[in-house]
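A quick write-up on the structure given underneath.
The values are calculated or read from the model by the stated rules, or taken from the named source; none is laboratory data. Just so you know, these numbers come straight off a predicted model, no measurement behind them. Cβ placement follows ideal geometry from the backbone for every residue including glycine, while neighbour counts extend to all protein chains displayed. Accessible surface is based on the protein model in full, side chains and every heavy atom, while ligands, DNA and RNA are left aside. Shrake-Rupley method; radii C 1.70, N 1.55, O 1.52, S 1.80 Å.
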Amino acid sequence: MFDVVEKEMAISQALTISEAIKQHLQQEDPAKTKLFVKALANYIEQTSTKNTTDVLQSIEQHLSVEHTPLALQRALLYMVTLGVESDPTPSRTFTTGDTARFFGVSVATINNWINQGRFQGVEKGERFKQARIPENAVYTAPTGTHSTVAEVAQRYEVEQERLGRNKPMTAAEELADLANAVVHFEKKYGGPWEETLASRWELTPAEARDSEQWAGLLKSIDRRQER
């Protein structure tokens, strides 16, 4: 099968090819191109052994706003990512807290990466809801290298086992992760959400995004404390 380097090369090539054909698609009949992408989506739905809801919704969303090249890129990336995997079991999804642990960053950073499009295959969640990140989502590092979330998770688990820390995360640890993310925003804006971003009439796009993430974290903390 494919080793880690070969997987990364195949996924990188899928991104490169999809970018290369964007100009060519502009010369083609949009209706025919959209039909071609729909056929790929139908093939994915009929043949994949994994949960395809996220990828199919993403493709449909791009097609609905005439972003056919992005829809094609999403379909190709999913098919190549699936093709290099050897595990036939259904795809797992991770919370932003899980993903933050795997990457060694804060939940706020993961949310920022999602909004920046650093994860191929992850759509921004609804307002105040945490995103679910599929294991076959592809993370693009600042250096340009690509890794699936599953690969990063596996490296994390191997390292934790080596250090003797391979125990499930407790509810208290999850709560601490969320609290740390809230502290990050409080330091950034100089106070609690209610007294800073929530009290402003006008926000920049970046502030509005942070406000949504911040409020979502607070709601997640409230839900855990009510259990």
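R0 = 22 Å: FRET efficiency of Asp3 with Val158, Cβ-based, nearest 0.05? Write out the running numbers ahead of the final one.
Working: r = 15 Å, r/R0 = 0.69.
Calculated value: 0.90.
With an a/c value of 1.5 or above and a/b not larger than b/c for the gyration tensor axes a ≥ b ≥ c computed over the alpha-carbon atoms, the chain is described as oblate.
Angle check, please: helix 149-162 long axis (alpha carbons) against the longest principal axis of the chain (alpha carbons), in degrees 0 to 90, nearest 10. Tilt of helix 149-162: around 50 degrees.
Any chance you could run the full-extension gain for Thr53 through Glu194? It's 0.36 nm times the residue separation minus the Cα-Cα distance, nm to one decimal.
On the way: separation 141, 0.36 × 141 = 50.76 nm, distance 3.54 nm.
Length gained between Thr53 and Glu194: 47.2 nm.
Model label points for Glu19 and Thr145, set 7 angstrom from Cα along the Cα-to-Cβ axis, are 1.8 nm apart. Peptides 172-178, 156-162, ordered by how many other C-beta atoms sit within 10 Å of their residues on average, highest first, read 172-178, 156-162.
Dipole magnitude for the chain: computed about the Cα centre from +1 point charges on Lys and Arg Cβ and -1 point charges on Asp and Glu Cβ, it is near 140 debye. Going by alpha carbons, how many degrees (0 to 90, nearest 10) lie between the helix axis of 30-47 and the longest principal axis of the chain? It works out to around 70 degrees. Helix-only arithmetic for the chain: the sum of -39500 (n - 2.57) across DSSP H runs with n ≥ 4, divided by the residue total, places the mean residue ellipticity at 222 nm at -20000 deg cm²/dmol. Rolling a 1.4 Å probe over the protein heavy atoms of the chain, with every protein chain left in place, gives an accessible area that is 52 percent carbon and sulfur. With both labels modelled 7 Å from their Cα along Cα-to-Cβ, the Lys34 to Thr204 distance reads 3.7 nm. FRET efficiency for the Ala179 to Val65 pair, using the beta carbon distance and R₀ = 45 Å, is estimated at 0.75.
Think of a 1.4 Å ball rolled over the protein heavy atoms: the chain then has 59 Å² of accessible area per residue.
Just want to confirm a number: the relative contact order over the chain, from Cα pairs under 8 angstrom separated by 6+ residues, in percent.
17
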